[in-house]
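Report on the structure given below.
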Amino acid sequence: MNSFKVQYTIDGEDFSVAGEASRKLKKVLQSLGVDPQIIRKATVAMYEGEINMVIHADGGVIDAEITPEKIHLFLRDKGPGIPDIALAMTEGFSTASDNVRELGFGAGMGLPNMEKYTDYMNITTEIGVGTTIEMIVNTSLS
Amino acid sequence: MDKIIHSVTLDTDKCKGCTNCIKMCPTQAIRVRKNKAKIIKELCIDCGECIRVCPYHAKKAVTDSFDMINNYKYKIALPAPAFYGQFDKATKIESILHALIKAGFDDVFEVAYAAQLITKRTKELIASGELETPIINSACPAVVNLISTKYPSLLNNVIPLISPMNLAAIMARKIAEEKTPYKGSEIGIFFITPCAAKATCTKFPLGLPESVIDGAFSFKDMYLKVVPHLNDKECEQDLSKAGFKGVCWANCGGEVVSLELDNYIAVDGIHNVIHVLEEIENDKLSDVEYVEALACTGGCVGGPLAVENNFVAQTRVKKMAKTARGNGEAPEFDMDLVWQTPIKIRKQRNLDDDMFVAMEKLAKIDEIYDRLPKLDCGSCGSPSCRALAEDIVRGYSKESDCIIKFKEKIALFANEMLDGSDNVE
């Protein structure tokens with residue numbers, strides 16, 4: 001076995017289960033013996049992505065592939081797409097509804113945090129079709 | 001690996017092998033094997049949830065025998081502030097301290113008084129901006145154990161100061177050596193503890209190279225020794241020094257009150273603490289300045305070794321804090337309170353040190369889990385089907401430990417027998 005692959009299906013519109021997939025990933029990384037600080041980076045990034053999928057895209061699918069060198073995450077959704085990635089990457093910018101904000105989400109920190117906690121992030125998006133975010137967290141401590 | 005010592009232990013004679021404790025343990029540290037509970041030492045955080053939940057009182061916190069005070073010439077009691085809330089006959093702190101003297105001690109030193117100095121140093125540390133936010137308190141050893149076991153990435157958020165209990169012991173010893181002719185091993189210092197985690201800390205203190213306390217007696221054990229001597233009217237000695245800011249540490253939220261903070265979360269109950277730590281790990285609470293997290297509901301008044309109902313005790317302590325004699329200012333004491341030894345991250349329970357082997361084991365766990373009924377009934381002795389799958393892969397259990405799988409097997413076997421008998425006819 002050269003890598004460990006796992007897929008999580010994210011339910012849309014249900015905040016009560018948002019975060020479950022990143023919690024599961026955390027357990028996987030712990031049982032593989034990944035460094036706690038690295039685990040934290042990967043799970044925060046994935047948590048933010050997971051929340052975004054619930055808020056904006058009615059859920060989606062997250063594929064994670066773990067090797068001794070890196071944690072590779074693919075987040076795919078069939079949501080509305082991101083019209084302006086640069087604007088979406090601005091801290092504090094959010095298109096979340098008031099309802100969502102009342103629940104304590106939608107602070108406009110999702111994408112910036114995902115970038116902050118990962119070593120590589122690439123967003124591919126198409127209006128009306130969906131968004132794919134690829135993230136890599138290196139597992140070496142340097 | 002360092003040996004991990006716990007106060008929480010099992011009385012195997014009393015254990016019936018039921019599954020109450022395995023289901024309630026916040027770190028899934030208990031299994032039932034051969035009809036007896038077994039504690040996985042690497043995972044136990046000494047929170048005492050199992051002591052609370054065991055219907056047969058088979059889970060115990062090991063504390064010391066009161067007789068041991070006779071080995072010392074000068075005996076000092078260190079009551080935790082939560083102890084003040086245990087007595088319906090006492091309305092004054094002074095009468096409880098007085099009763100402790102009558103019960104056999106030569107002097108008392110209030111942990112609440114030492115807490116006032118910890119409060120001051122904590123304030124200074126918060127102001128220095130050196131710690132990662134939210135800052136997490138370190139007064140509850142079960143919470144610190146939880147962090148070093150399950151949330152090691154948050155250790156940098158924890159206040160690196162010794163506990164009020166240990167500071168009280170160090171101060172009490174110094175004062176005794178100055179005002180009495182006794183020295184060193186002639187002086188015995190005894191903490192009166194609400195919980196298992198602090199009892200462990202008297203032997204293996206967090207942040208100190210060695211123990212500074214000679215023994216720990218539980219609230220339960222001391223209760224009966226103190227009650228006969230309680231008398232609110234006859235307290236000629238002036239023993240009480242602690243003020244509001246120290247005494248209120250007994251309740252959850254007391255620490256932040258004495259720190260005079262506005263932007264904080266005060267959370268009690270180990271399962272609630274876990275939720276808050278998860279939030280911190282997910283970076284959701286970075287705008288919060290301080291988290292006071294205590295393992296027991298209500299704070300130390302809710303300790304598993306307490307006698308009184310924690311809500312009753314909370315109210316009593318609140319009243320007593322308001323009428324406490326001291327002014328609440330930090331006592332003068334020249335000592336660096338910062339941890340002398342860092343808190344170690346407990347070895348994470350990975351499946352294998354070789355990540356490729358660990359991956360194979362993880363795949364195997366998923367495969368076994370798929371076959372299990374997912375009822376999480378606990379009858380197999382593991383806390384959940386997922387935990388059983390992991391225990392099987394780790395070599396501690398087998399699939400037939402699952403009662404449902406076992407039943408299926410028997411049914412299959414019985415059917416085969418029936419088919420066989422048909423053929424005979």
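The values are calculated or read from the model by the stated rules, or taken from the named source; none is laboratory data. These numbers were taken from a predicted model, which means no experiment stands behind them. Methodologically, a virtual Cβ is constructed for each residue, glycine included, from the backbone with ideal geometry; neighbour enumeration extends over all protein chains shown. To get the accessible areas, we keep the full protein, side chains included, count just its heavy atoms, and leave off ligands, DNA and RNA. Shrake-Rupley method; radii C 1.70, N 1.55, O 1.52, S 1.80 Å.
Observations
- P(r) tail for chain B: Cα pairs beyond 29 Å make up 50% of the total.
- Calculated FRET efficiency for the pair B:SER185/B:GLU132, C-beta based, R₀ 45 Å, to 0.05: 0.65
- Applying the criteria of a DSSP loop state and at most 14 other Cβ atoms within 10 Å to the trypsin sites (Lys or Arg not before Pro) of the stretch B:26-73 yields B:LYS34, B:LYS41, B:LYS73.
- Within the stretch B:267-314, the residues that become at least 30 Å² less accessible when every protein chain is included than when their own chain is isolated (1.4 Å probe; DNA, RNA and ligands ignored) are B:GLU278, B:GLU281, B:ASN282, B:ASP283, B:LYS284.
- Put a dot 7 Å past the Cα of A:GLU65, heading toward its Cβ, do the same for B:LYS36, and the two dots end up 4.9 nm apart.
- Peptides ranked, highest mean first, by Cβ atoms within 10 Å: ranges B:282-292, B:142-152, A:35-45: B:142-152, A:35-45, B:282-292
- Spatial offset of the stretch B:378-398 relative to the stretch B:141-179 amounts to 35 Å, using the alpha carbon center of each.
- Dipole magnitude of the stretch A:4-138 about its Cα centre (Cβ charges: Lys, Arg +1; Asp, Glu -1), debye to nearest 20: 500 debye
- With θ taken as phi - 60° and the Karplus curve 6.51 cos²θ - 1.76 cosθ + 1.60 applied, the whole-hertz 3J(HN,Hα) list for the stretch B:307-315 is 9, 7, 3, 5, 6, 5, 4, 4, 4 Hz, x standing for glycine and proline.
- Amide H contacts under 5 Å for B:VAL108: B:ALA77, restricted to partners 5 or more places along the chain or on a different chain, H placed in the peptide plane at 1.01 Å from N.
- Convex hull volume per residue in cubic angstrom - Cα atoms of the stretch A:78-142: 107 Å³
- Chains A and B together, accessible area buried on both sides, 1.4 angstrom probe, square angstrom: 2200 Å²
- Taking amide H as placed 1.01 Å from N in the peptide plane, B:ALA293 has its amide H under 5 Å from the amide H of B:ASN137, B:VAL267, each at least 5 places away in sequence or on another chain.
- Gain on full stretching of the segment that runs from B:ASP336 to B:LYS16 - 0.36 nm per residue minus C-alpha separation: 110.4 nm
- Scanning residues 5 or more positions from B:ARG33 or on other chains, those with amide H under 5 Å from its amide H are B:LYS38, with H placed 1.01 Å from N in the peptide plane.
- For the stretch A:3-45, accessible area lost to neighbouring protein chains reaches 40 Å² or more, against the chain alone with a 1.4 Å probe, at A:PHE4, A:LYS26, A:GLN30, A:SER31, A:LEU32, A:PRO36, A:GLN37, A:ARG40.
- Relative compactness, the protein assembly as shown, computed as alpha-carbon Rg over 2.2 N^0.38 Å: 1.11
- Rounded to the nearest whole Hz, the Karplus-based 3J(HN,Hα) values (6.51 cos²θ - 1.76 cosθ + 1.60, θ = phi - 60°) of the stretch B:14-19 follow the sequence 7, 5, 9, x, 6, 10, with x at glycine and proline.
- Heavy-atom accessible surface of the stretch B:142-276: percent carbon and sulfur, 1.4 Å: 52 percent
- Hits among lysines - C-alpha to C-alpha of B:LYS36 under 24 Å, sequence gap 8 or more where chains match: B:LYS3, B:LYS14, B:LYS16, B:LYS23, B:LYS59, B:LYS60, B:LYS374, B:LYS398, B:LYS405, B:LYS407
- Viscosity 0.890 mPa s, 25 °C: Kirkwood-radius Stokes-Einstein D of the stretch A:4-138 over Cα pairs, µm²/s: 166 µm²/s
- Per residue of peptide B:152-159, the mean number of Cβ atoms on other chains within 10 Å of the residue Cβ is 2.
- Note: relative contact order over the stretch B:270-369, using C-alpha pairs below 8 Å and six or more positions apart, is 12 percent.
- Using Cβ point charges alone (K and R +1, D and E -1), the dipole size of the stretch B:1-62 about the Cα centre works out to roughly 320 debye.
- Evaluating 6.51 cos²θ - 1.76 cosθ + 1.60 at θ = phi - 60° for every residue in the stretch A:31-48, the Karplus couplings come out as 6, 8, x, 6, 4, x, 5, 5, 4, 4, 4, 5, 6, 5, 4, 5, 4, 4 Hz, glycine and proline recorded as x.
- Probe 1.4 Å, protein heavy atoms only - accessible area per residue of the stretch B:1-62 in square angstrom: 52 Å²
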